[in-house]
1. Could you tell me which numbered condition residue 265 fails, if it satisfies all but one of (1) at pLDDT below 95; (2) closer than 30 Å to residue 137 by Cβ?
2. Got at least one residue in region 287-298 being part of a helix (DSSP H, G or I) and more than 12 Å from the ligand (Cβ to nearest atom)?
3. I'd like the residue in region 199-209 that is in contact (Cβ under 8 Å) with a residue 40 or more places away in the chain and in contact with a helix residue (DSSP H, G or I) (Cβ under 8 Å, 6 or more places away or on another chain) and, out of all such residues, is farthest from the ligand (Cβ to nearest atom).
4. Which residue is farthest from the ligand (Cβ to nearest atom), if the candidates are limited to region 276-286 and must be part of a strand (DSSP E or B) and out of contact with any helix residue (DSSP H, G or I) (no Cβ under 6 Å at 6 or more places or on another chain)?
5. Tell me, yes or no, whether region 132-147 has at least one residue that is part of a loop (DSSP other than H, G, I, E, B) and exposed (fewer than 15 other Cβ atoms within 10 Å of the Cβ).
6. For region 245-275, name all the residues that are more than 13 Å from the ligand (Cβ to nearest atom) and in contact with a strand residue (DSSP E or B) (Cβ under 6 Å, 6 or more places away or on another chain).
7. State all residues of region 218-250 that are surrounded by fewer than 20 Cβ atoms within 10 Å (Cβ to Cβ) and in a helix (DSSP H, G or I); if no residue qualifies, say none.
Ligand SMILES: [Zn+2]
């Protein structure tokens, strides 16, 4: 039987602001869409945290036996500078600054994004569609919304008519805003704008002559508005209604609000059953921003190449650090917090490394089944990874008691203990055991040192010592090979 049938998962739905029992539209299957990166600069650490939350959620669904189609897009068509739909396309701007083609920018930062995610041990999504690959679908949606009378064309651009839409639907259903307040709080249009109301947003923008990224459409040579691509790609791959839509809290308004309006206008139904939003990452108590220098790149954690850090940290330690907080809580990144996480991580991995040396006993003095269910309970309660990790440390205590013969487990219980550690630490949290890698690195260092000593012995014509080093290494299964490039070794 699939595991999900034994577990009632609760998910916090941003649409209702409540934890709800999770029931997928089709039993056994889950459709999940997460807004991907805009590839005009290096992915920042806050984004990595947000994507990591959904990676963990994807992993847990898979563990429970669901067949998941996880779609995470790449925004490569260029956003406008701000939500007011004026200003420059950010990808085009970057291209002009660096004197390269827009698609060169896209390629460079897409590769960077994938590298970072690989370093942090992300699972690839099922489909990773690009906005530029779905221009036709976006144009079709605009046509439908125009036919419904919920959008209008001005000078080759098309805008969504928020006030008209709001007559029958609620624009603000996700963010809890209401249009009257929005109207009250926005300044009057300056007459320069083509929009009927400041709340309206672009579905299609006519390209200025200098704009390089452009596509033909019934209205003008131009490019789609910011919000439309996610509606086009989620509908195409997951259907008009799907289970989960995720993203960072900052995308709730206007991006996700506009996605709901577009989908509702064109498909006549609310597109998403459970909206999920991850919270932000601060740095030393302050919002991260490149402009203030209060910023750190994911790669700098691994290289240690940032003044904030005392040393380099393995990516998996940073992953452990992030998952120690609930995905809906603000998390503050600092060197001290990362050092503390590293100690915890090492304690966890040391205990896991000890698991194989434990011996079974005729009886169990620990209730492993109960412990196992507390681990599941934590994850079933809106993916509460900090509570799960607390239970894993309870398990670390068990391992230490077993090592010191202060507790006992039967063979079956011991297997279950190992299994649960493997499932939650590696499959669900996606951590990697770098302590073993660390030992390998240290071994290489020791052998290289002995090779150096042997070279010194040979230079001094001390053949007895050089042979002794070679033979004794061979006796423990390490073979030295002398070549033109120097001496190398292999482990037999
Ligand atoms: Zn999106």
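The values are calculated or read from the model by the stated rules, or taken from the named source; none is laboratory data. None of the values given here were measured: they were computed from a predicted structure. Quick reminder, even Gly has a Cβ in these numbers, built from the backbone with ideal geometry, and neighbours come from all protein chains shown.
1. So residue 265 meets the others, but not (1).
2. Within region 287-298, the subset part of a helix (DSSP H, G or I) is 298.
If we keep only those that are more than 12 Å from the ligand (Cβ to nearest atom) as well, we get 298.
There is at least one residue in region 287-298 that is part of a helix (DSSP H, G or I) and more than 12 Å from the ligand (Cβ to nearest atom).
3. Among those that are in contact (Cβ under 8 Å) with a residue 40 or more places away in the chain and in contact with a helix residue (DSSP H, G or I) (Cβ under 8 Å, 6 or more places away or on another chain), it is 200.
4. 286
5. Looking through region 132-147, none of the residues is part of a loop (DSSP other than H, G, I, E, B) and exposed (fewer than 15 other Cβ atoms within 10 Å of the Cβ).
6. Passing the criteria: 249, 273, 274.
7. 236, 237, 249, 250
Matching residues to (1) assigned by TED's automatic domain parsing to the domain that holds residue 251; (2) outside any loop (DSSP other than H, G, I, E, B); (3) more than 14 Å from residue 162 (Cα to Cα); (4) at pLDDT below 95:
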| site | (1), (2), (3), (4) |
| --- | --- |
| 174 | yes, no, yes, no |
| 184 | yes, yes, yes, yes |
| 188 | yes, no, yes, yes |
| 193 | yes, no, yes, yes |
